[in-house]
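Down below is the structure, laid out as structure tokens.
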């Protein structure tokens with residue numbers, strides 16, 4: 001029954017040979033890797049302090065990239081699954097504020113407060129996902145509503161309870177020391193790398209493993225690539241997408257807790273506007289806005305590019321007001337590259 | 001009076017009808033599908049082919065008559081139900097994700113895993129090897145299972161979908177117009193896979209409006225017209241020309257030809 005003669009007769013006609021270069025071009029993170037190297041080279045050259053390329057500089061730009069990277073990875077998973085979460089940025093503020101209020105207003109220990117904060121974040125993610133799946137509205141709209149609702153609550157509730165626009169005094173609570181050592185300490189004196197860098201690497205590694213080597217990862221690609229086809233083959237589409245929304249909001253809680261413990265206080269406006277930086281990092285890392293394609297490592301590299309750029313602009317002595325122009329430019333470049341990559345991947349179909 | 005299961009046909013419709021409001025989509029349709037044979041359902045647009053395939057694959061439920069699988073009456077409520085009974089459908093949209101690799105698509109929803117409990121991992125090596133073997137068995141040499149399905153041709157994607165259904169134990173394979181969007185050469189490729197599936201003992205239901213394609217691989221032919229079965233043949237009792245003529249309206253067409261000839 002197995003007839004190699006038939007097979008070989010059709011090989012040339014139906015399979016074009018893909019060389020090592022073509023194979024490499026198919027990787028979603030390639031553009032981001034090249035971009036990261038280029039940005040590193042650019043700012044090493046422009047550096048006025050002579051520290052950018054050394055460990056002191058690295059401690060700065062990895063700090064900038066770490067929390068951004070944690071969020072970018074979660075947002076990337078959600079984007080691969082075909083959805084957006086515009087409330088991801090403000091959730092960082094909401095969760096930080098909630099933890100702060102729990103320890104300063106209700107005198108909870110830091111650890112129980114962290115636990116409750118994660119539960120709250122998971123509930124919001126669940127709600128985002130459930131509403132999106134239930135109403136079949138674009139997640140862009142649903143999470144935009146969540147974004148503004150949370151933004152209002154953050155400011156209103158903080159002012160109502162504290163009389164100011166910040167929750168401070170978190171370091172006075174029980175368990176602050178141990179929690180800070182887990183979420184907000186530094187290592188490698190005298191350069192003082194942030195512990196968040198370790199978290200970032202672990203989150204990236206776990207996300208990569210899940211995405212490429214588990215059933216769930218296969219489902220994430222499928223629900224983003226073609227939800228209908230995924231449903232027809234028996235993939236639990238609703239469950240998969242909701243899990244991704246929960247992952248994103250939980251990641252926001254992690255970053256919110258980290259930020260609150262590090263700064264000892266949380267501003268009511270914390271995180272607002274950051275959601276687009278996460279999306280930019282994910283897109284720069286090779287995620288398609290249309291879903292179904294991308295990688296966690298790519299998103300991390302995207303975050304690294306943004307982190308390097310923000311710190312590099314300061315180290316180069318340039319005016320940091322121009323930061324966002326740079327973000328806009330690399331986003332545009334990345335989308336151009338990604339579009340080319342996708343055309344290659346999808347082949348002649350469209 | 002059902003026949004005993006061991007001699008009962010794989011799949012059987014007995015006087016099946018389907019109504020959508022006041023529209024009679026199917027009326028009193030009876031057909032049988034045997035293991036290791038290709039059953040063709042032929043019909044023009046609006047003949048009720050789509051309704052028939054949807055009943056067979058579990059998307060719709062019949063309003064009258066009986067649907068039997070191996071002699072047992074069934075009432076599927078979803079395609080998943082039908083799949084659990086070994087009835088797999090390859091729809092025109094193919095249920096493959098273009099951006100995903102062949103091996104990821106092949107095992108989508110049925111991923112093999114290694115390890116225990118929550119730490120189970122997708123057995124990628126096994127998946128890739130299985131895909132290569134299965135597709136080779138159907139006469140496709142996939143040198144690169146990592147290739148995105150979107151880069152395959154229409155015929156190859158049909159083949160991946162067919163190979164997947166057969167691999168996961170489909171006893172009945174329902175193909176909805178598998179050649180309608182394909183060129184001559186590609187159609188030939190797909191028809192070869194149909195024949196290969198039959199050789200593996202699968203009962204194939206081929207829905208098509210192309211009598212030429214049907215005649216090449218079919219063992220039994222049912223003609224559907226305006227929701228009713230108008231004729232049924234076996235390969236031995238019909239020639240290709242007869243099938244084509246029957247498809248095209250047969251007697252009506254001849255009458256029309258006479259009328260045109262007689263006109264002054």
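The values are calculated or read from the model by the stated rules, or taken from the named source; none is laboratory data. On a predicted model such as this, the values are computed, not experimentally measured, just so you know. Every residue, glycine as well, gets a Cβ built from its backbone with ideal geometry; the counts of neighbours run over all protein chains shown.
At a glance:
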| read-out | value |
| --- | --- |
| Any hit, the stretch A:168-175, residues being crowded, with 19+ Cβ neighbours inside 10 Å and either out of contact with any strand residue (DSSP E or B) (no Cβ under 8 Å at 6 or more places or on another chain) or over 23 Å from residue A:115 (Cα atoms) (or both) | yes |
| Selection count, the stretch A:215-269, where residues are farther than 30 Å from residue B:103 by Cα and more than 19 Å from the chain's Cα centre (by Cα) | 9 |
| Evaluation of residue A:334 against (1) away from every other protein chain (no Cβ under 14 Å); (2) at pLDDT below 90; (3) surrounded by fewer than 24 Cβ atoms within 10 Å (Cβ to Cβ) (one fails), failing number | (3) |
| Selected residue (only one of A:318, A:322 is outside any helix (DSSP H, G or I), modelled with pLDDT under 90 and more than 16 Å from the chain's Cα centre (by Cα)) | A:318 |
| All helices (runs of 4 or more DSSP H) inside the stretch B:121-232 with 1 or more residues being away from every other protein chain (no Cβ under 13 Å), farther than 21 Å from residue B:50 by Cα and free of Cβ contacts under 8 Å to residues at least 40 places away in the same chain | B:124-137, B:184-199, B:211-217 |
| Residues that are within 19 Å of residue B:78 (Cα to Cα), at the interface with chain B (Cβ under 7 Å from one of its Cβ atoms) and not in a helix (DSSP H, G or I), drawn from the stretch A:203-239 | A:233, A:234, A:235 |
| Qualifying residue in the stretch A:198-205 (condition: within 20 Å of the chain's Cα centre (by Cα), crowded, with 19+ Cβ neighbours inside 10 Å and closer than 25 Å to residue A:290 by Cβ) | yes |
| Any helices (runs of 4 or more DSSP H) falling wholly within the stretch A:1-102 and containing at least 3 residues that are modelled with pLDDT under 95 and farther than 23 Å from residue A:284 by Cα | A:4-14 |
| Residues satisfying the stated conditions in the stretch B:79-120, i.e. out of contact with any strand residue (DSSP E or B) (no Cβ under 7 Å at 6 or more places or on another chain), more than 10 Å from chain A (Cβ to nearest Cβ) and either in a loop (DSSP other than H, G, I, E, B) or at positive phi (or both) | B:116, B:117 |
| Any hit, the stretch A:268-282, residues being in a helix (DSSP H, G or I), within 13 Å of another protein chain (Cβ to nearest Cβ), closer than 14 Å to residue A:73 by Cβ and touching a residue at least 12 places away in the same chain (Cβ under 8 Å) | no |
